[in-house]
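All remarks here apply to the structure that follows.
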Amino acid sequence: MLTPGNRLLPLEETVIADLPSHADLTRVMDAHPMLCNFGYGKSSGARFNHDADRAALADNLDQVRTAYAWLRTLHPAGDRPWPTSYGLKHDGERAGIGYVTNGAMIAAAYLAGVPVRIHPDSPNPGLGVALTPPKTPAPDGSFTAWLAGHADANHPIGDLARDAAGDDCWPTTGTDYRQFADHFAEHTASESAWTNLREAWEAYSGHPAPSDDGDEDEGP
């Protein structure tokens, strides 16, 4: 669950205990006069009316509350890439919260204490949350720690290292080749990815990667 910390803006000093009220939403909107249902800023559409869109957001408390409750179940992004408010609203819809406007997601983020990074010339600020918890740090001497040391290399092991760093489900604490092979099988890894894994494991361990009928059946 999202916990206080890493806050960027004064409004984030207070996280609403239950669900936001109209007064809470008004407080956020007063502090951010460019915030509206469209997002943060004005649309270039000929029919767009910023004042009317702000009024629509002010009447959109139900969606703000829905987004707020969902955001409170997420995790701090930390040093991981931040999703945009627009991308996150679609993540929420796929998670089953229903439709919410971009502006409702942004307002909810302020109310939930989520760090917000406003991007110039974009209605979609970055929000400092992640759908998954941060990965457990790789133990010293582990395959994943060894792999991280090759992240800048311009060869297949470097490709695998970069893929592992961006994979929130990577078995960071794995100590056996089978754990990584199972991960690849579960995520239907490509033939080249399997080749990179075997090459990396052999370079790390000094022994051939295990290969039996079960491994070959799980590969591409």
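Within the stretch 57-74, can one find any residue that is in a loop (DSSP other than H, G, I, E, B), free of Cβ contacts under 8 Å to residues at least 60 places away in the same chain and among the aromatic types (Phe, Trp, Tyr)?
no
Kindly list the number of the only condition in (1) closer than 29 Å to Leu74 by Cα; (2) exposed (fewer than 14 other Cβ atoms within 10 Å of the Cβ); (3) polar (S, T, N, Q); (4) modelled with pLDDT of 90 or more that fails for Thr132.
(4)
Is the stretch 161-170 home to any residue that is open to solvent by less than 10 Å² (accessible area, probe 1.4 Å), part of a helix (DSSP H, G or I) and modelled with pLDDT of 90 or more?
Among the residues of the stretch 161-170, at least one is open to solvent by less than 10 Å² (accessible area, probe 1.4 Å), part of a helix (DSSP H, G or I) and modelled with pLDDT of 90 or more, which makes the answer yes.
Taking the stretch 106-147 on its own, how many of its residues are among the hydrophobic types (A, V, I, L, M, F, W, C) and without any contact (Cβ under 8 Å) to a residue 60 or more places away in the chain?
So the answer is 8.
Filtering the stretch 34-77 down to residues that are among the basic types (Lys, Arg) and touching a Leu at 6+ places or on another chain (Cβ under 6 Å), which residue is surrounded by the fewest Cβ atoms within 10 Å (Cβ to Cβ)?
My answer is Arg72.
Which one of these does Phe180 not meet: (1) over 21 Å from the mean Cα position of the chain (by Cα); (2) open to solvent by 70 Å² or more (accessible area, probe 1.4 Å)?
Single failed check for Phe180: (2).
Would you call Arg80 open to solvent by less than 60 Å² (accessible area, probe 1.4 Å) and either over 19 Å from Gly113 (Cα atoms) or touching a helix residue (DSSP H, G or I) at 6+ places or on another chain (Cβ under 8 Å) (or both)?
Taking the combined requirement at face value, the residue does not satisfy it.
Specify which of the listed residues (Gly219, Gly158, Gly214) is surrounded by 14 or more Cβ atoms within 10 Å (Cβ to Cβ) and modelled with pLDDT under 90.
Gly219
Which condition from (1) of a type in the set (Ser, Thr, Tyr); (2) surrounded by fewer than 18 Cβ atoms within 10 Å (Cβ to Cβ); (3) touching a residue at least 40 places away in the same chain (Cβ under 8 Å) is the one that Ser85 breaks?
(2)
Can you tell me how many residues within the stretch 107-129 are hydrophobic (A, V, I, L, M, F, W, C) and either farther than 22 Å from Asn37 by Cβ or modelled with pLDDT under 95 (or both)?
Of the residues in that region, 0 qualify.
Could you tell me whether the stretch 119-126 includes any residue that is open to solvent by 40 Å² or more (accessible area, probe 1.4 Å), under 24 Å from His187 (Cα atoms) and either assigned to a helix (DSSP H, G or I) or not aromatic (Phe, Trp, Tyr) (or both)?
No, the stretch 119-126 has no match at all.
Within the bounds of the stretch 90-97, is there any residue that is surrounded by 15 or more Cβ atoms within 10 Å (Cβ to Cβ) and over 22 Å from the mean Cα position of the chain (by Cα)?
no
The values are calculated or read from the model by the stated rules, or taken from the named source; none is laboratory data. Just so we're clear, the structure is a prediction, and the values are computed from it rather than from any experiment. Quick reminder, even Gly has a Cβ in these numbers, built from the backbone with ideal geometry, and neighbours come from all protein chains shown. All accessible areas refer to the heavy atoms of the entire protein, side chains included, with ligands and DNA or RNA removed. Shrake-Rupley method; radii C 1.70, N 1.55, O 1.52, S 1.80 Å.
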